[in-house]
Amino acid sequence: MSEIAWGLASDKSAIMMAVALIIMTVLSAGPLHPIDNLINNAPRPLWDQIRVPMILWPDTVASRFVALPVLGVTALQLAYWHRSWRPIILGAVGVLGMMCLVASMKLIIARSHPRTGDPAFFADGVSFPSGHGANAILIYGLVLFLIVRYRAARPHIVRRLGYCIVGIAVLQSVVSVYLHFHWFTDLLTGMVAGGLALVLTIRLDRLIPEGRTAYWWPWFGRNLWNGEDRDQDREPAERR
């Protein structure tokens, strides 16, 4: 456990993402307020006509109700194909870590809602950072990572999936800002938080030996408790 903790803490990409998260939080606390107010007060054309359809459709693309089933189906399919719990464990750990990070920041920072017109921190709200922004990067990023790790798609398909993730993040940002659900910096910081959780999950995958999860698979042909082949256990009985 100490080696895993040190491996996660010493990862250069994770350190860079953590620094970026801190910088975005500091900038969102004051220096970027003019940008937040400018975007928040911009006119919303066709508000009455498209507001409800945008809430029901585009705004749900990066919600956990949509993204988690996509990750779940991908992880279960890859786990079955490769007879390993690793895809399921990586998906669960990544999502849980991201939710803990975002929820703790929301409760501690307590940023006011955009409809109040005041982007202040330590107010009565949970706007910062955006959970939908984190979902777009972490959950769909995990889907892409699992596909790449287990070579479940050709390179040109992987590139297109990467473009889709970028499109989902941009779409979610535009919709959330338009609907006054989040400040602009809420979304940027949420994506950075999701990226940090994704980098740590990928690093965790490299730190855990492959056999630790493959031996637990119930249909792998190995004993659940000690990892020995079940066929070897049957040999003495068959010889008798």
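The values are calculated or read from the model by the stated rules, or taken from the named source; none is laboratory data. From a predicted model like this one, the values you see are computed outputs, not experimental measurements. Don't worry about glycine lacking a Cβ; one is built from the backbone with ideal geometry, like all the others, and counts go over all protein chains shown. What goes into the accessible areas is simple: the full protein's heavy atoms, side chains included, and nothing from ligands, DNA or RNA. Shrake-Rupley method; radii C 1.70, N 1.55, O 1.52, S 1.80 Å.
Quick check: is even one residue across the range 40-50 under 28 Å from LEU196 (Cβ atoms) and not aromatic (Phe, Trp, Tyr)?
Scanning the range 40-50 turns up at least one residue that is under 28 Å from LEU196 (Cβ atoms) and not aromatic (Phe, Trp, Tyr).
Mind checking whether some residue in the range 194-211 is open to solvent by 10 Å² or more (accessible area, probe 1.4 Å), acidic (Asp, Glu) and in a helix (DSSP H, G or I)?
Scanning the range 194-211, I find at least one residue that is open to solvent by 10 Å² or more (accessible area, probe 1.4 Å), acidic (Asp, Glu) and in a helix (DSSP H, G or I), so the answer is yes.
Please state which one of LEU101, LEU78, LEU46, LEU56 is more than 19 Å from ILE23 (Cα to Cα) and buried (at least 17 other Cβ atoms within 10 Å of the Cβ).
Exactly one residue qualifies, and that residue is LEU78.
Quickly run through the range 157-173 and pick out the residues that are out of contact with any Leu (no Cβ under 8 Å at 6 or more places or on another chain) and either in contact (Cβ under 8 Å) with a residue 60 or more places away in the chain or under 18 Å from ALA193 (Cβ atoms) (or both).
Once the filter is applied, which keeps residues that are out of contact with any Leu (no Cβ under 8 Å at 6 or more places or on another chain) and either in contact (Cβ under 8 Å) with a residue 60 or more places away in the chain or under 18 Å from ALA193 (Cβ atoms) (or both), the range 157-173 yields VAL166, ILE168, ALA169, VAL170, LEU171.
Could you go through the range 42-58 and let me know if any residue there is farther than 19 Å from VAL177 by Cβ and of a type outside the set (Ser, Thr, Tyr). Full working, then the answer.
Let us first name the residues in the range 42-58 that are farther than 19 Å from VAL177 by Cβ, namely none.
Among the residues of the range 42-58, not one is farther than 19 Å from VAL177 by Cβ and of a type outside the set (Ser, Thr, Tyr), which makes the answer no.
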